[in-house]
Amino acid sequence: MNYSVSVEELRRLVDEGVRRELEALGARLAEFRCAGVDKLVLYAKMRLAIALLAGRNVADSLDGELVESLGLTRAARTPPPPAAELFQIDEGVWRRLAKTRYTTSRSLLTESSSRRGILTYIWMRKTGILRRHPNGSLIVDRRELSRHPAGSERELGLGDIGRFLAEVPSSLWSKVITEELLGNAGLGDLITLAERYHGFDQRVDERLASEVRRRIAKGWVPSPEEARRLEGVIAKALKGLKTTVPPHLLPFIDSVEDYVKGREGELAGEIERLPLRERWEVLRSLRRRIRDPGFFKHLNPISLAELRSLGSVDRELASRVMLGQAIGSYLEYLLTRDPSFQAYAVHIAERIDAGALEPRHRPLLESILNGDEKKMLFLLGREAGFDALELLSVKLGEEYSRSGGLDPAVVKRAIAIGMRLLNYMRGGRGFTWRRRKTSVRGRLEVRGTLYKWVRLDNEAVFKRRERVQRVIGVVDVSGSMARFAVWSMLSIAAVFPVVSHIVLFSEKPHVYRSPFKKTSLVLARFLEKLYTEGFKGYTNISEALRRAGELASRADSKTILVFSDLKQTVPDTEPWLVARWLVEKGLRVILVVPRGTESATVERYRGAGCDIVVVENPEDIPNILKRRINLKNRV
C-alpha cells in the first residue's frame, strides 16, 4: 500500500466516487413508479455500497435481483432523448493528460483548440477523469483515463455541456454553441444555455437571439418566468419581428410606443389579466417608454398604484395613481389596525383632485376621507373585487416580510375582509350555484305523504336524494405558493360544493374531510387554518398524488383536482410518473396551475394524460371548474 497518499486525498477520492454514483442513481430512482420513500432510500444505499466496494459493473449485474428483492416496480421506459453531441475523444488532449497528474483548463485548451477537444474536456469533467482540486487545478485519474482510448466514440447531453462549458474560456464557446446544437435543443436546455452564456461572446449572442426569434415566429410564447430568464436575449429576438406578443413581453419591444398606438384599450385589458405583481412590473417598464398618458387611462387605480414620478403626468392620471396608493394604504390599515396607515391613506386622498376622477371612483375617494370602511369594501368589491383580493394578499405578504411571521389576528382580519369582498362580488360572478331540482324522487316520505292525504292532497312526498359528484382536492401550500395565497383560497372556495376530501401538502400531505355545511363561516375558518398552517416548507407533489389516489379509491371518486405551481423540491419519484399511474387506473387528474408555470413541466404532465388548466386570473377559476368537472349539472 502506498502510504504517501494523504488522508485528505483519500477522502476526496471517496467523495468523488460517491458523487459519481449518486448522479447515476438519480436517473434510476425516477424509473420506479409509486414506490415508498423508505424502499427507495434502502435501494440507493445498497446500490451505492455495492458500486463503491465492487465496482459499477457488478452493481449493474446485480441490479435486477436488488430491485426484485425490495419489491420495486419499474415504470414503463420512455425512449431516451437523442444525444446532443456524438464525438471522438481528442488524441491531443488524451496524450497531454496521460503524461501528467495535475493540470488546468487553460493549459489543456488554447485558442487553437478544436470543437472535438473542448467536448473531450467537458466529457472528462462529467465522468470524473478530471476532478477539481481545492486549489483550483484539476486532478487527472489516469487509471480511469486508460479505459477510454483516444479516438473512441462518446456522447454528451446538452445538460452536461451547459454545466461544464463555463470552465472553458469564453472565446471558445462559439465552437460548441452552434446553430445546429441550438436547433436540436429542447426548450429548457435552450433557456438554460441563454441564461448562462449570453453576454460574453458576440457570435454566441447572435446565435441565441436567432434561435429564440425562430421559435417565437413559429408560435412559441415565452412565459413571464421564461422571459425573465431570457431578458438579455429576448429584446434582440423581438427586434423587427412582425408578430403579436402577450402583454408581459411588451417591455422587450424596441418601438413599443408605435406598437400600442391604436390598441390602447385592448392591450390595457390584457395587462389587467396579469397577476398584480407582474402587472406592476410591466407598467413600471412601460412608464419609462410610453409617454402618451392615454394608454394608462384605460387601467384601474389598483393597477396604477406602483407608478412613480407623477410630476410629469397630467392631473387625471396622477389622481388615479394616488387613488390606487390610498386604497393600498387603507387596506393595510384594515389588516394591521395601525393608525399610521390610515393617516397616510387620508393624506394621499386629500391631495387628489376629485373633479379629475371618473364619477364611479369619486364615492371610493369619499369613503376613504370619511373613514367609512364598509362602504369602501362594498365599492371595491363591485368595481375591482379580484384586484382588491389580490392586493389584500400582497399586503399580507408585505406584513409577513416586515414582522417575520403572521399574527393570527391579522390573518383573521384578512379572511374576514376577503369574505366580505367575495360576498359583494357574488352577483353574476359564478361563486354561488343554485340547487337544481332533481328528477330522482328518492324514498317515499311516509309522514309527509300522510300529512297531505289528511288534508285531501293525494300527491306523494319523496325524500330528495342528491347525486353529488365526489372530487378529491389537492392543494399545494408549500413556500413557493405563498405568492398565490388568495389564488389558492379562491381555488378551494370554488371546489367546496363538490369536494369530499382536501389534501393540503407541502413536504408531507395532510388530509381534511370537507365540512358537511358549506357556509361562509365554515369556509372562512377553513381558509384561516390553511393560511396559518400552510405556505411554508418544501414541495412533494408525488406523495400528495399517491395519497389522493388512495382517497379516491375509498371515496369512490373518479376525479382528482390539483392546485399547484408544479415545483417539486423533495427527492421522490417524478410527479408526472405518479400522475400517469393514476390516469392508467382510470382516474381523471385535472391540474389547475397559475400563469407562469414552466411550459416544459406542463408538457410532461400533459404527456402523462393529465388535463391542464392554466389560470391567468383568479376570477376565471369558478367558471373553468364548472366546465371542466361539470359542476353545473350536479344534482
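Residues that are under 24 Å from E278 (Cβ atoms), of a type outside the set (A, V, I, L, M, F, W, C) and assigned to a helix (DSSP H, G or I) were ranked within region 560-603; the one that is farthest from the chain's Cα centre (by Cα) is E603.
Kindly indicate whether any position in region 263-278 is open to solvent by 10 Å² or more (accessible area, probe 1.4 Å), at pLDDT 85 or above, within 25 Å of G397 (Cβ to Cβ) and out of contact with any strand residue (DSSP E or B) (no Cβ under 6 Å at 6 or more places or on another chain). Checked region 263-278: no residue is open to solvent by 10 Å² or more (accessible area, probe 1.4 Å), at pLDDT 85 or above, within 25 Å of G397 (Cβ to Cβ) and out of contact with any strand residue (DSSP E or B) (no Cβ under 6 Å at 6 or more places or on another chain). Selection of region 169-186 for residues being over 20 Å from R106 (Cβ atoms), in contact with a helix residue (DSSP H, G or I) (Cβ under 6 Å, 6 or more places away or on another chain) and part of a helix (DSSP H, G or I) yields E179, L182. On inspection, R116 does not qualify as basic (K, R), closer than 30 Å to N57 by Cα and at pLDDT below 90. Condition check for S113 on (1) within 40 Å of the chain's Cα centre (by Cα); (2) closer than 25 Å to D201 by Cα; (3) in contact (Cβ under 8 Å) with a residue 40 or more places away in the chain; (4) open to solvent by less than 30 Å² (accessible area, probe 1.4 Å): one failure, at (1). Among the residues of region 297-306, not a single one is in contact with a Ser or Thr (Cβ under 7 Å, 6 or more places away or on another chain) and closer than 24 Å to M425 by Cβ. In region 556-573, the residues that are open to solvent by 30 Å² or more (accessible area, probe 1.4 Å) reach residues that are part of a strand (DSSP E or B) with C-beta atoms within less than 8 angstrom, at least six apart or across chains, in these pairs: K558/R588. If you filter region 612-635 down to residues that are buried (at least 17 other Cβ atoms within 10 Å of the Cβ) and farther than 24 Å from H248 by Cα, you find that the one that is modelled with the highest pLDDT is L625.
The values are calculated or read from the model by the stated rules, or taken from the named source; none is laboratory data. Remember, it's a predicted structure, so these values are computed and weren't measured experimentally. A quick note on method: Cβ atoms are made from the backbone with ideal geometry, for glycine too, and the neighbour counts reach across all protein chains shown. Heavy atoms of the whole protein, side chains included, go into the accessibility calculation; ligands, DNA and RNA do not. Shrake-Rupley method; radii C 1.70, N 1.55, O 1.52, S 1.80 Å.
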